[in-house]
Amino acid sequence: MATDPLLSAPLPLVRVLQLSDPHLLAESSACYRGVNPWRGLRHGLNQALASLEQRPDLLLITGDLCQDESLAGYRQLRELVASSGIPLALLPGNHDDPALLRQVFSHGASLAPAVLPLGGWRLILLSSHQRGSTAGGLDGAQLDWLGCQLAGDDAPTWVAIHHPPVPIGSPGLDAIALQRPEGLLALLAGSPVVKGVVFGHVHQHWQGALPGRPEVPLLGCPSTLCAFEAAQPCPLGRPEDPGGRWLELGPDGRWRQTLLRWSPPA
């Protein structure tokens, strides 16, 4: 595991396990990109939990939940994560149907857009889904809502979104990243409570900084399904393996993040 230096916190940490881009299908035995998505997600969740010393306080899955946008796929996801007993937060990606997602998870999960209190922290979930588009976007109403959330509370805050808000250096992925991100970036850079941003979509580890605030990390997450060609070296030297990310958030505003990797299911 590759970790940032951990600054000691006087109280217990809030722990968030981020997984991303499982691309589930209606038929649990079917394959996508040569991998069985259901097995990939189940294996990834089990491997992540087995590698961690503490149980997560929240499981965050940052989009592209269901490749074929099917009711059966979302039901598979509900059944799989319900068995873990971990509180769940979900973002819709471009390969999702937000209406079906809300139908299946009307109870038992926090769905973007939403604000989650986490001890002394907050996690803001954004929906960058645009109907009929692989690229992402945030409309004026959601940006206005985000501005109100950032201005209305001084709790240290992380933001989760599916699409990367800045180019990651991969031409194919940058073409389908968040479109017209200037409004979002201005809100995040102008808010002192924002401490970090996590995203999915890119199927790889990636780390950058918020423009104008180099102390605020932007963190891309590997997929539980498969990897895309890496734009940055993997800190663990395992760019092809599935993975996730582990956040530990101290109530005094201090934090650390850890990249997770595991071998694909046999």
* To do: Work out from phi, with θ = phi - 60° and the Karplus expression 6.51 cos²θ - 1.76 cosθ + 1.60, the ³J(HN,Hα) of each residue of region 220-234, listed in order in whole Hz, and give x for Gly and Pro.
  => x, 10, x, 9, 7, 8, 7, 9, 9, 4, 6, 8, 10, x, 6
* Within a Cβ distance under 15 Å of Pro264, other residues only, what is the Lys/Arg minus Asp/Glu net charge? -> +2
* Structure fact -> In nanometres, the difference between 0.36 nm per residue of separation and the alpha-carbon distance of Ser29 and Thr134 is 35.3 nm
* Asked: Is the chain rounded, prolate or oblate when judged by the Cα gyration tensor, a ≥ b ≥ c being the square roots of its eigenvalues, rounded requiring a/c under 1.5 and prolate requiring a/b larger than b/c?
  -> rounded
* Structure fact -> Note to self, the chain gives a 222 nm [θ] from helices alone (DSSP H runs n ≥ 4, -39500 (n - 2.57) apiece, / all residues, nearest 500) of -6500 deg cm²/dmol
* To do: Assuming R0 = 30 Å, can you tell me the calculated FRET efficiency for the pair Glu182 and Arg102, based on Cβ-Cβ distance, to the nearest 0.05?
  => 0.55
* Neighbour cut-off at most 12 other Cβ (10 Å), DSSP loop, GluC sites (Glu not before Pro), region 194-266 -> Glu229
* **For Trp158, net neighbour charge (Lys/Arg +1, Asp/Glu -1) across residues whose Cβ lies under 9 Å away** => +2
* Per-residue HN-Hα couplings for region 199-207 [Karplus 6.51, -1.76, 1.60; θ = phi - 60°; Hz; x = Gly/Pro] -> 8, x, 6, 8, 6, 6, 5, 8, 9
* May I ask you to compute the full-extension gain from Gln232 to Ala209, defined as 0.36 nm times their residue separation minus their alpha-carbon distance, rounded to one decimal in nm? => 6.9 nm
* Asked: What is the sum of charges around Leu19, taking Lys and Arg as +1, Asp and Glu as -1, for the other residues whose C-beta is under 13 Å from the C-beta of Leu19?
  -> +1
* Which percent, to the nearest 5, of DSSP beta bridges fully inside the chain are antiparallel? -> 50
* Cut-off under 5 Å, modelled amide H: who pairs with Trp255 long-range -> Leu7, Gly250
* Structure fact -> The alpha-carbon center of region 220-237 and that of region 131-159 are separated, in whole Å, by 26
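No value in this document is a laboratory result; all are computed from the given coordinates. None of these values were measured; they are calculated from a predicted model. So basically every Cβ, Gly included, is an ideal-geometry build from the backbone, and we count neighbours across all protein chains shown.
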